[in-house]
Amino acid sequence: MSLKLVYNAGGASRLFGMQKMRSLLSYLGLIVFSGTIAHGGDAADEGLEFFERRIRPLLIQHCMECHSADKEIESGLSLDGRTALLKGGDRGPAVSVDDPKSSLFLLAVSYNDADLQMPPDGKLNEKELSLFAEWIKMGAPMPKASTAATMHSEIDFEAGRSHWSFQPLIQNDKITSGQAGIGKIDSIIDQQLQEDGVQSTERASREVLIRRLSLVLRGLPPKWSEVRRFVQDQRVDAYQRLVDRYLATPQYGERWGRHWLDLARYTDETASWLKRTDSAFRYRDWVVNALNTDLPYDEFIRYQLAVDMMPNASTSDLAALGFLGLSPTYWKEPRLDPEVIKVVVAEEWEERIDTIGRTFLGMSLACARCHDHKFDPVTTEDYYSLASILANTRLVEMPLLPREQRERVLGVMHQIEIFEKEQDVLKYASITAEGDAKKKMTDRMAVIKEEIEKLKAGTSGFDAPRVNAVLDSAVTVRQFETFYTALEFDPNGNVDLHVQLRGNPSTKGAPVAKRYLELFSPDKPSFKQGSGRVELSDSMLTDSQWLIARVMVNRQWMHIMGTPIVSTPSDFGFQGALPSNRYLLDHLASELIRSDWSLKSLHRAIVMSDAFCRSSDVIDESRDKDPENIDRWRYSPVRLEIEAWRDAMLSVSGSLDLQLGGPANNLIDTSNNRRTLYGRINRRDLSTVLKLHGFPEATGHSPKREANVSPLQQLFVLNSDFVRGQCELIVDSLNRSLNKDDLIQTLFQTILCRNATDDETLSSVAFVEVSLESGIEERDVWIQFVHALLMTNEFAFVE
């Protein structure tokens, strides 16, 4: 994740400089706030996906006729693989990884050299040139397994179905068949530990365990009173009671809702010239409520794809359609040619198919837009069968009204939309019109405006709250006049798509029916109900149930244990990673289905396991055998995301506003004490605070947060008005009549949820006394001390 931030500090804190802060932390025997730098695995996966979706189709269309072993090779240059590309042809290497801009390939396609211009039949357009430039800047990634750049290959579905993730769930026969739930999780893990000869750590202390559990389930640290009460609770089921209490808090849904919103590329705002997203918060609040009420995951999926088609769904559940209704959209300039607008629409379909595929199935379906998927058994026909569903689905601001009244208001909205298109056509035409013609246009626009106002005023419920949603409607691109092109929606129509050869809407192939993937539905039954969204969700949960369960439990395990069982959470295909413990993954998936898709039951089982409750201490021999903790012999400390870290500061300062739901607030506002979940997300202009700490862009699906560390993060902690404010609140809440030892204990208990050790107390007292003797005001000394505690790894990590 790249970080873009210009800070306005000279490297020194108003409180005290970076070096002094480091000295203080060292003096106290604590570790400075830090993190782990992400390495290049995910970037490599993104590069290959970029090649498959963007570059391979261009090479096939413009280059391979003359530069592939499948055809012929001119000038000694083969583009069949990366090795051949770097080797180059008669003129030398085609690509320079060290200096991408100087690459001969870019020189040829840019037409900047009169003696070297490719392709010979005409220069590529600017978008195509920029795609090639971006690809070469990435190092020209190409898959090792693919050398021939052919567009079509015969997919062997039987072989494809043998892939582990497309197979039914399995169980380990060595584990007692009668075991279920928590016991079986530990049995599976313990068997792996025994086979590998790895010793596990002891159970974590109660102080550590309650903080870990609270941060994982609620995203907030426990109050010291909670810690003390749990430590003193001698009941056998004390921990289980604590788990159930945390699962029942509203903060649970807030914590886990944010995990889901990463996948759904949630945004509160988008570009001002695009469709309004004023009601986006209702989708966010629906997700939080659905998790708090433990809506079964299968219903959770159905609601987000097609709740408007479900007869028994409540009106408030329409907000679930924000999963699709808040999809990224792109500007469609009315004066552009219809064929260009069709490409823009196709790009939007691709993004939505990509999000559906990766979120629910862990599959990169969008790679099949221009050609059959190069790695997974997904055909181009599969892709356009799904695109056909989206071609009959439009984004709409849907009123939160009972069905009959809602349909009436939607009908009026459609009438208004027709009027507004006529108004737009007249507005564009009037630019060049003169005399009587211009006056007639102006008069007609005034009449239209009056008609629109009448419709709004005369329609009961027109001003009802709305949600960003979707609706069945045929979507077509229409040129109303030579100077005006726009989308046209027909609620009663149906668009039949064809395969778009090489992803080009202007080049039609065979017609396709709306249906599910042939991989999972070999008979390829077509969808008959409207757009097909209901049938799609049903097919997903019937024909690929085990894959959906595997993908979801892997995500839940990752958020609880820190690392996923499958390290590529949104790629369970042939290019994805193998599970580190398939028996564990499949057991969790079976448990999810067996519990009627209850996520709370799944979370309860995982956090009740010995694996979750282990200490994070290091056993040297175990570390030597399993340095990456693949066997889960210890609990690996996990750095808090920006949301939980900021919320934890608000919590320990006593200023956290626990109000649920509602419109988003500006995170930069220092008076904003609400949970970070409610901070405003702008798809095109992400908050600097969020961007600095690795928060994903809302432009697309994000499978997991990439760990990152930057000096700018430490500068933020040192210089932020927000952090300074929390330090002041904590200090001002202290009972200053206490002695220094008691004050230090209080601060350790409040901030780190534990007592200070004797050595920490001695060091801390010494720091306070030395600072006071140097002439620093007592309040400022304690602020510095609190600031240091908030900068520790211990505060920033789940341990």
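The values are calculated or read from the model by the stated rules, or taken from the named source; none is laboratory data. These numbers come from a predicted model, not from an experiment. Cβ coordinates were reconstructed from backbone atoms using ideal geometry, including for glycine residues, and neighbour counts include every protein chain displayed. Areas reflect the complete protein model, heavy atoms only, side chains present, ligands, DNA and RNA absent. Shrake-Rupley method; radii C 1.70, N 1.55, O 1.52, S 1.80 Å.
Assorted remarks:
- Accessible area in square angstrom per residue, the stretch 320-422, 1.4 angstrom probe: 28 Å²
- What a 1.4 Å probe finds exposed on the stretch 618-716 is 48% carbon and sulfur by accessible area, rounded to a whole percent.
- Sequence ranges 320-327, 437-444, 660-667, ranked by mean other-Cβ count within 10 angstrom, highest first: 320-327, 660-667, 437-444
- Carbon/sulfur fraction of accessible area - the stretch 719-798, other protein chains in place, 1.4 Å, %: 45 percent
- Sum of -39500 (n - 2.57) over DSSP H runs of 4+, divided by residues of the chain (222 nm, nearest 500): -14000 deg cm²/dmol
- Taking all Cα pairs closer than 8 Å and separated by 6 or more residues, the relative contact order of the stretch 719-798 comes to 35 percent.
- Label-point gap, in nm, between GLU134 and PHE462 - each point 7 angstrom along Cα→Cβ: 4.2 nm
- Probing with 1.4 Å while keeping every protein chain in the model, the per residue accessible area of the stretch 670-747 equals 37 Å².
- A Förster radius of 22 Å, combined with the Cβ-Cβ distance separating GLU420 from PHE483, puts the computed FRET efficiency at roughly 0.85.
- Apportionment of accessible area to carbon and sulfur, the stretch 428-544, percent (1.4 Å): 50 percent
- 13 Å beta-carbon shell around GLU777, net charge (K/R +1, D/E -1): -2
- Radius 13 Å from Cβ of PHE132, net charge of other residues (Lys, Arg +1; Asp, Glu -1): +3
- Peptide ranges 411-420, 710-719 listed from the most packed, as the mean C-beta count within 10 angstrom indicates: 710-719, 411-420
- With all pairs of separate Cα atoms included, the stretch 719-798 yields a Kirkwood hydrodynamic radius of 12.9 Å.
- Here the contact order of the stretch 603-753, divided by its residue count and restricted to Cα pairs under 8 Å and six or more residues apart, works out to 18 percent.
- Exceeding the 23 Å Cα-Cα cut-off - candidates LYS421/LYS514; LYS223/LYS704; LYS625/LYS704; LYS275/LYS427: LYS421/LYS514; LYS223/LYS704; LYS625/LYS704
- Accessible area in square angstrom per residue, the stretch 429-525, 1.4 angstrom probe: 56 Å²
- Between GLU126 and MET310, residue separation times 0.36 nm minus the direct Cα-Cα distance comes to 61.7 nm.
- Proximal charge balance of GLU451 [Cβ under 14 Å; K/R count +1, D/E count -1]: -1
- Relative to the longest principal axis of the Cα atoms of the chain, the long axis of helix 206-218 makes an angle of roughly 20 degrees.
- The chain, relative contact order in percent, only Cα pairs under 8 angstrom and at least six apart counted: 19 percent
- Here r is the Cβ-Cβ distance between ILE73 and ASP657 and R0 is 51 Å; the resulting FRET efficiency, rounded to 0.05, is 0.15.
- Pairwise label distance in nanometres, LEU712 with LYS223, each label 7 Å out on the Cα-Cβ vector: 3.8 nm
- Taking the C-alpha atoms only, the angle from helix 758-773 to the longest principal axis of the chain is near 90 degrees.
- Across all Cα pairs in the stretch 622-704, the calculated P(r) in 5 Å bins from zero up to the longest distance comes to 3, 12, 19, 19, 14, 10, 9, 8, 5, 2, 0 percent per bin.
- Ordering of 785-794, 765-774, 355-364, 112-121 by burial proxy (mean other Cβ atoms within 10 Å per residue, highest first): 355-364, 785-794, 765-774, 112-121
- On Cα atoms only, tilt of 435-457 relative to the major axis of the chain in degrees: 50 degrees
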